[in-house]
Structures are given as C-alpha cells and as structure tokens.
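Have a look at the structure below before the remarks.
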Amino acid sequence: SNDNKVNSLFQLLNHCKTNAGTRLLNEWLKQPLTDKVKISKRHDLVDFLMDKLELRQMLQNDYLPQIPDVRRMTKRLNKNKNSTGQSNTCLQDVLKLYEFSMKIPEYIELLESFIDQEDQGDQSINALIKETWIEPLNQHMDPLMKLQEMVQTTIDLEAYENNNDYMIRVEFNEELAQIKTELDELREQIKIIHLESAETLGFDPERKLKLENHHLHGWCMRLTRNDAKKLRSFKEFIELSTVKAGIFFSTKQLKEISSETARLEKDYERQQASLVKEIVEITLTYTPVMEKLSLTLANLDVLNSFAHVSSYAPIQYVRPKMHGFDDAERKTILTESRHPVVEMQDELIFISNDVNLETDTNEFQIITGPNMGGKSTYIRQIGVITLLAQIGCFVPCEEAEIAIVDAILCRVGAGDSQLKGVSTFMVEMLETASILKNATKNSLIIVDELGRGTSTYDGFGLAWAIAEYIATKIKCFTLFATHFHELTSLADKLPNVQNLNVVAH
C-alpha cells in the first residue's frame with residue numbers, strides 16, 4: 001500500500017512515540033555528530049537497546065506513548081494564563097504536567113531493572129545508561145516535588161479522577177468555600193421547587209417534567225406542548241418561551257433563585273480564574289526542568305527508534321567502526337552495503353555493493369555506467385550510510401568502517417530553477433563553486449552528472465577541471481558519477497583516483 005511507502009530517511013527512522021522525540025530526530029538529522037567519542041556513545045546505547053527486545057517493546061508500547069508534549073503545553077499555558085475563559089484548559093495542562101512528573105520514577109525503575117539483571121559484566125554500558133538517562137531523570141525529579149505538593153493542595157484531584165472536572169480544591173480558599181456552600185443550598189432549593197411543581201401538575205419529575213439550565217432563562221422547567229396545556233389552570237406558572245421541544249416555564253421563586261445562582265457562578269468562576277492564574281504562574285517556573293526531563297526521554301525515544309529500525313530492516317543493520325579526523329588511516333569500507341530507503345520498497349531485490357574509499361589510494365572515485373544502471377543510488381547510499389552512522393544509528397551493511405566527515409556536499413540532478421530565473425548550467429556552477437569553497441580534506445563530496453547544462457566540450461572541460469581540483473587540492477573522499485567516459489583517463493595521471501563501472505546485470 002502506498003501509505004507505508006518510505007520516501008525519506010526521516011520517515012524510515014521515525015518510529016518515535018513522543019512529539020519531542022520526533023523533533024529531536026529532525027535536529028539530529030540536520031546536525032550529525034562529528035565527535036568520535038559522542039558517536040560511539042550513541043552506538044553503545046543502540047547496541048544495548050537492540051539486545052533488550054523486552055525493554056524496547058515496553059518503551060514503545062507502554063511507556064513512551066504516555067509522555068505528553070511538554071513544550072506545547074508550556075507554550076499553551078503561557079498564552080492562556082491571562083484569559084479568564086481558559087481556566088479549564090489551563091488546569092487540564094497543569095494536571096497533565098503533574099501526572100507526567102509523577103511518572104518519572106517509573107521510567108527510572110524500568111531502566112534500572114534492565115541494568116541490574118546484567119551480571120555486572122560490562123560496567124561501561126551501565127555507567128553510560130546511568131549518565132545518559134537515569135541520572136538526568138533523577139536530578140530533575142527533586143525540584144518537581146514542590147510542584148506536586150502545590151497541585152495536591154490546590155487542585156481537586158478527586159473531582160478530576162472521578163468526573164474529569166477541573167476544579168480548585170474548595171478547602172484551599174475561603175471565599176470559594178463560601179460561594180460553593182451558597183450555591184449548593186440554592187441547587188437544593190431548585191430541586192425542591194421542581195418536585196413540588198411536579199406534584200402540583202401531576203407529572204412524573206423524572207420522565208415528563210424536565211428541569212433544565214437554559215442558556216437564556218437559566219434554571220427552568222420544560223413540558224411538551226401537549227402536556228403544557230395543563231399550565232393554564234395554575235396561576236403561579238410563568239411561561240417563558242415555546243420551542244419545538246416544548247414549552248419552558250418557571251415560577252416567581254425559581255426565577256429569583258435562578259438569577260442568584262447565575263450571579264454566584266460568575267463570582268465562583270472569577271475567583272477560580274484568579275487562583276488558576278497563580279497556579280499557572282508557579283507551574284511555569286518549572287518549565288526548564290520539565291523541558292530537560294522531556295529532552296532526556298526524547299533522547300531515549302530516538303535511540304529506541306534507531307534500535308527498532310536496525311533490528312527490523314530486511315537485513316539487520318550492523319554497528320560501524322568509526323575513524324575520527326585525527327586517525328592515522330581514514331577509510332570508509334562498506335561490505336555488502338544497501339540503500340536503507342530503497343531497500344524498503346516492495347518487490348525490490350536490492351543488489352548490495354561493496355565500497356572502498358581510502359585516503360591517498362582511492363579517495364576519488366569516478367563512476368561510469370549506463371543510465372538507470374544504479375550510479376545515483378550507489379553514490380547516494382554512501383552519503384546516507386555515513387549520515388546514519390554519524391547520527392548514532394547502525395548501518396545497512398554486512399560490515400562497515402566509516403570515516404567521520406565534517407560535511408556531505410552534494411551536487412545531484414539537473415533540475416532547472418526557472419522560477420528563480422537561473423538556468424541549469426548556472427545552478428550547477430553556483431552549487432559546485434560553493435562545494436569547492438566549503439570542502440575540507442575531511443568532507444565527502446558527491447557529484448552526479450556534472451556539466452549537463454552546456455555543450456559536450458564545455459561540460460567535459462568543466463568536469464575535468466573540477467575533478468582535478470578536488471583530487472589534487474582538496475583531497476577528500478569524492479564520488480564522481482559521470483557520463484563523460486574520457487574522464488576515466490584522470491586515473492592514469494593521479495594516484496588517488498580510481499575508476500569504477502556500474503554494470504547492469
């Protein structure tokens with residue numbers, strides 16, 4: 001089905017269960033790590049999660065889906081705190097944050113339970129789990145005790161749990177308690193009038209004679225038009241209005257009580273709103289702590305998602321061995337590598353490829369071959385696999401050694417920017433110029449079909465000059481797919497250039 005089509009790396013990796021996790025994944029994809037130690041830590045954690053299927057499933061099915069979007073809620077609280085009409089939504093958000101803070105110990109327990117099972121063999125992974133997840137959760141738990149106390153003393157948790165009502169605890173404020181008592185008394189009187197009227201008119205108070213809180217008339221009674229004929233025999237009933245559903249009517253006493261009730265309800269709301277405002281102000285001071293908790297759990301969510309993707313790929317992903325910028329030998333060697341997004345398509349058998357890039361021997365590769373032969377997929381998959389490794393995910397290969405790059409610079413495809421009034425050729429030149437300016441010896445350059453937008457000779461001349469400049473001056477890993485077969489003679493001139501040909505079976 002087309003709904004499950006994976007069209008981007010983000011879609012492939014996003015098995016996150018929290019909004020904060022999805023946002024973090026987005027950030028990681030845009031800002032991959034370049035520090036070997038940090039990358040290695042993420043790989044350790046993914047390794048740990050891939051090992052622990054039970055933990056992974058508990059997180060995905062039970063724990064992570066319960067986490068609210070803290071950022072969205074604090075934003076909403078900030079926006080609504082001054083409008084009196086919003087006190088219900090405000091209390092709702094405060095309660096959600098309160099519930100979230102009460103759940104944190106469960107996450108800590110869950111993670112600890114999976115550490116303790118180990119026979120203390122690998123101390124370093126235990127220490128890493130503590131450092132990344134458990135300690136930050138513990139650390140930000142303490143300040144929240146005060147928030148929990150405040151919520152428990154000010155908000156009526158019983159009303160919330162039993163009827164989903166958002167109310168301030170009456171005991172918390174004398175004025176509220178006073179108004180509440182008066183309101184309760186008036187409501188009792190309304191009930192009595194209802195029952196007495198039912199007796200006078202001879203109708204069943206449950207089924208026939210309805211008591212309603214009307215948006216215009218306030219508390220009043222209603223009978224069907226047919227039954228309402230009886231009203232005319234009694235002087236004390238005042239008809240209010242006739243609608244399809246019947247006739248609304250009241251008595252003098254009920255009218256007075258009704259308007260008094262409406263006035264008290266307004267007072268109650270006003271009083272409650274000012275208290276809610278105070279509660280919200282206090283809750284918002286905890287925003288930084290909540291955000292930190294949310295981020296720690298988002299990190300757990302994203303790494304859990306990586307472990308899920310790596311485990312359930314058509315062929316399980318492997319952990320890459322990383323080479324840093326300062327390593328003596330920088331090389332990217334991928335055995336049986338596949339394009340993670342392409343291999344997810346139905347009815348597609350992906351032919352895996354080996355990749356071998358080594359500094360000084362074959363860092364610059366010229367790739368020729370028929371159109372649609374898979375040149376583009378091959379060079380793109382190397383970029384994608386490098387990116388996957390540097391955000392901390394495992395990679396779709398049998399084995400992988402990957403040199404960390406400081407940038408992946410691409411010049412791919414020949415789409416015109418006619419809307420911007422720039423020709424294909426101009427776009428190519430601008431993009432290529434920017435690549436040449438920004439690349440360092442630690443970059444990865446991917447060029448697909450350079451020199452298309454102009455005549456054959458000029459295109460070839462440009463492709464040659466650019467290729468030669470990259471190979472002699474920048475000397476970084478480069479994949480240069482081209483349709484100019486003459487370019488292959490560059491390999492005879494320069495020792496670090498290698499020719500590859502894509503053969504379609």
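Tally the residues that are open to solvent by less than 40 Å² (accessible area, probe 1.4 Å) and not in a helix (DSSP H, G or I), restricting the search to the range 436-460. If you could, list the steps in order and put the result at the bottom.
Looking only at the range 436-460, we keep the residues that are open to solvent by less than 40 Å² (accessible area, probe 1.4 Å), and these are 439, 442-451, 453, 459.
Filter again for not in a helix (DSSP H, G or I), leaving 439, 442-451, 453.
Residues flagged as open to solvent by less than 40 Å² (accessible area, probe 1.4 Å) and not in a helix (DSSP H, G or I) within the range 436-460 amount to 12.
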| Pairs, first at positive phi in the range 333-358, second among the acidic types (D, E) and not in a loop (DSSP other than H, G, I, E, B), C-beta under 8 Å, six or more apart | E336/D354; E336/E399
| query | Is it fair to say I279 is surrounded by 15 or more Cβ atoms within 10 Å (Cβ to Cβ), part of a helix (DSSP H, G or I) and modelled with pLDDT of 90 or more? | reply | yes
| query | Could we say that L387 is in contact with a Lys or Arg (Cβ under 7 Å, 6 or more places away or on another chain), of a type in the set (A, V, I, L, M) and modelled with pLDDT of 85 or more here? | reply | no
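Conditions (1) closer than 24 Å to R263 by Cα; (2) free of Cβ contacts under 8 Å to residues at least 12 places away in the same chain; (3) among the β-branched types (V, I, T), marked per residue:
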residue	(1), (2), (3)
E185	yes, yes, no
I190	yes, no, yes
L201	no, no, no
L211	yes, no, no
L216	yes, no, no
A245	no, no, no
F249	yes, no, no
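Taking helices (runs of 4 or more DSSP H) that fall entirely within the range 96-213, which contain at least 3 residues that are surrounded by fewer than 18 Cβ atoms within 10 Å (Cβ to Cβ) and more than 35 Å from the chain's Cα centre (by Cα)?
Working: elements: 123-129, 135-141, 144-154, 157-163, 174-201.
Those helices (runs of 4 or more DSSP H) span 174-201.
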| Which numbered condition F394 misses (of (1) in contact with a Phe, Trp or Tyr (Cβ under 7 Å, 6 or more places away or on another chain); (2) of a type in the set (A, V, I, L, M, F, W, C); (3) surrounded by fewer than 22 Cβ atoms within 10 Å (Cβ to Cβ)) | (3)
| Selection status of S274, free of Cβ contacts under 8 Å to residues at least 40 places away in the same chain and in a helix (DSSP H, G or I) | yes
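Restricting to the range 337-353, count the residues that are modelled with pLDDT of 85 or more, open to solvent by less than 60 Å² (accessible area, probe 1.4 Å) and hydrophobic (A, V, I, L, M, F, W, C).
If we filter the range 337-353 for residues that are modelled with pLDDT of 85 or more, which is where we start, we get 337-344, 352-353.
The next check asks that each one be open to solvent by less than 60 Å² (accessible area, probe 1.4 Å); those that pass are 337-343, 352-353.
This time we only want the ones that are hydrophobic (A, V, I, L, M, F, W, C), so: 341-342.
Matching residues across the range 337-353 total 2.
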| request: Mind listing just one residue for me: the one in the range 5-26 that is assigned to a helix (DSSP H, G or I) and over 14 Å from D301 (Cα atoms) and, of those, least open to solvent (accessible area, probe 1.4 Å)? | output: L12
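I'd like to check something: does the range 471-483 contain any residue that is of a type in the set (A, V, I, L, M), in a helix (DSSP H, G or I) and touching a residue at least 40 places away in the same chain (Cβ under 8 Å)?
Yes, the range 471-483 has at least one match.
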| Could you say which residue among A463, A467, A433 is open to solvent by less than 80 Å² (accessible area, probe 1.4 Å), within 30 Å of A328 (Cβ to Cβ) and part of a helix (DSSP H, G or I)? | A467
| query | When you go through V94, V46, V70 one by one, which is the residue that is closer than 17 Å to T287 by Cβ and modelled with pLDDT of 95 or more? | reply | V70
| If you check every pair at least six apart or on different chains, which have Cβ atoms under 9 Å apart with a residue in the range 24-45 that is touching a residue at least 24 places away in the same chain (Cβ under 8 Å) first and a residue that is surrounded by fewer than 16 Cβ atoms within 10 Å (Cβ to Cβ) and assigned to a helix (DSSP H, G or I) second? | L25/F10; L29/F10; K41/E131; D44/S124
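Looking at the range 45-90, which of the residues that are acidic (D, E) and open to solvent by 50 Å² or more (accessible area, probe 1.4 Å) is nearest to the chain's Cα centre (by Cα)? Spell out how you get there, then give the answer.
Initially, the range 45-90 is screened for residues acidic (D, E), giving 47, 51, 54, 62, 69.
Next cut, open to solvent by 50 Å² or more (accessible area, probe 1.4 Å) only: 47, 51, 54, 62.
Values: D47: 22, D51: 24, E54: 23, D62: 17 Å.
Checked the range 45-90; the qualifying residue nearest to the chain's Cα centre (by Cα) is D62.
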| query | Given the residues N356, N362, N371, which is the only one that is surrounded by fewer than 21 Cβ atoms within 10 Å (Cβ to Cβ) and in a strand (DSSP E or B)? | reply | N356
| request: Determine if the range 227-245 includes at least one residue that is at pLDDT 90 or above, open to solvent by less than 20 Å² (accessible area, probe 1.4 Å) and not in a loop (DSSP other than H, G, I, E, B). | output: no
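The values are calculated or read from the model by the stated rules, or taken from the named source; none is laboratory data. Computed from a prediction, not measured in an experiment: that's the story for all the values here. Heads up, the Cβs are rebuilt from the backbone with ideal geometry, glycines too, and the neighbour counts pull from every protein chain shown. The accessibility values were calculated without ligands, DNA or RNA, using every heavy atom of the protein model including side chains. Shrake-Rupley method; radii C 1.70, N 1.55, O 1.52, S 1.80 Å.
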